[in-house]
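One structure below.
The values are calculated or read from the model by the stated rules, or taken from the named source; none is laboratory data. What you see is a predicted model; the values in this text were computed from it and never measured. Ideal geometry is used to build each Cβ from the backbone, glycine not excepted, and the neighbour counts take in all protein chains shown.
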Amino acid sequence: MSEDMAGPHWDFALKLYGGEGVSPACLVLQDRAGIDVNVLLVALYAAHIGKGVGAAEIAALDVAGEPIRNGVVVPLRTVRRQMKGADFGPATEQARNKVKVAELAAEQLEQAALAAVVTKWANGAVSAEAVVAAAVAHYGRPEDDDIRSAMALIARAAKAMAA
């Protein structure tokens, strides 16, 4: 992947997403709460580096990420998921893995665009819990116990990274 898409935001996202239980929790928020996980991860990165993050900042990230998300990330995710468990011949899994690599590169591209937005924000202190809550509220789906559990797990993991 291109070096210009990597950076501390990407390192933070990979470390957080790789934390125990974080990946499945992010998928709960993505699939059940409609959250763009890239928006959430970059918003948590912004809070981690001391930027103020509230409803307006989440909305700004969502707008900035929309063209890449809807034009590239979501279509690739849809193809990858449709291929999971399918048998289109002996090379199906190899082709699915190539789609997965392209999806990850598209997510990295989206995060680089979002990180560029973050650089313009004012400094401020905000908790990981507040960032996660603002992201869930922005996407406007009702919370349930699974969503609240996922929110709490992700916030705890983000807080642990600050320690």
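At a glance:
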| read-out | value |
| --- | --- |
| Some residue of the stretch 74-84 being outside any helix (DSSP H, G or I), out of contact with any helix residue (DSSP H, G or I) (no Cβ under 6 Å at 6 or more places or on another chain), of a type outside the set (S, T, N, Q) and within 25 Å of ILE35 (Cβ to Cβ) | yes |
| Qualifying residue in the stretch 70-89 (condition: aromatic (Phe, Trp, Tyr) and within 18 Å of VAL136 (Cα to Cα)) | no |
| Flag for ALA64 being touching a residue at least 24 places away in the same chain (Cβ under 8 Å), of a type outside the set (D, E, K, R), more than 13 Å from LEU109 (Cα to Cα) and assigned to a helix (DSSP H, G or I) | no |
| Residue check for VAL53: β-branched (Val, Ile, Thr), out of contact with any Ser or Thr (no Cβ under 8 Å at 6 or more places or on another chain), closer than 22 Å to LYS98 by Cα and surrounded by 15 or more Cβ atoms within 10 Å (Cβ to Cβ) | no |
| Inter-residue pairs, beta-carbon under 6 Å, first within 16 Å of GLU110 (Cα to Cα) and part of a helix (DSSP H, G or I) and in the stretch 1-20, second modelled with pLDDT of 90 or more and among the aromatic types (Phe, Trp, Tyr), 6+ apart | HIS9/TYR45; PHE12/TYR45 |
| Residues (in a helix (DSSP H, G or I) and either surrounded by fewer than 17 Cβ atoms within 10 Å (Cβ to Cβ) or among the aromatic types (Phe, Trp, Tyr) (or both)) located in the stretch 134-152 | ALA137, TYR139, ASP145, ASP146, ARG148, SER149, ALA152 |
| Flag if ARG81 is surrounded by 12 or more Cβ atoms within 10 Å (Cβ to Cβ), among the basic types (Lys, Arg), under 15 Å from the mean Cα position of the chain (by Cα) and within 29 Å of ASP145 (Cα to Cα) | no |
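Yes or no, residue by residue, for (1) surrounded by 14 or more Cβ atoms within 10 Å (Cβ to Cβ); (2) part of a loop (DSSP other than H, G, I, E, B):
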{"residue": "PRO90", "(1), (2)": "no, yes"}
{"residue": "GLN94", "(1), (2)": "no, no"}
{"residue": "LYS98", "(1), (2)": "no, no"}
{"residue": "ALA105", "(1), (2)": "yes, no"}
{"residue": "GLN108", "(1), (2)": "yes, no"}
{"residue": "ALA113", "(1), (2)": "yes, no"}
{"residue": "ALA125", "(1), (2)": "no, yes"}
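Condition check ((1) within 28 Å of ALA160 (Cα to Cα); (2) of a type outside the set (S, T, N, Q); (3) under 11 Å from the mean Cα position of the chain (by Cα); (4) modelled with pLDDT under 95) across all residues:
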{"residue": "SER23", "(1), (2), (3), (4)": "yes, no, yes, no"}
{"residue": "LEU29", "(1), (2), (3), (4)": "yes, yes, yes, no"}
{"residue": "ARG32", "(1), (2), (3), (4)": "yes, yes, no, yes"}
{"residue": "ASP36", "(1), (2), (3), (4)": "yes, yes, yes, no"}
{"residue": "VAL53", "(1), (2), (3), (4)": "yes, yes, no, no"}
{"residue": "PRO67", "(1), (2), (3), (4)": "no, yes, no, no"}
{"residue": "LEU76", "(1), (2), (3), (4)": "no, yes, no, no"}
{"residue": "GLY89", "(1), (2), (3), (4)": "no, yes, no, yes"}
{"residue": "ARG96", "(1), (2), (3), (4)": "no, yes, no, yes"}
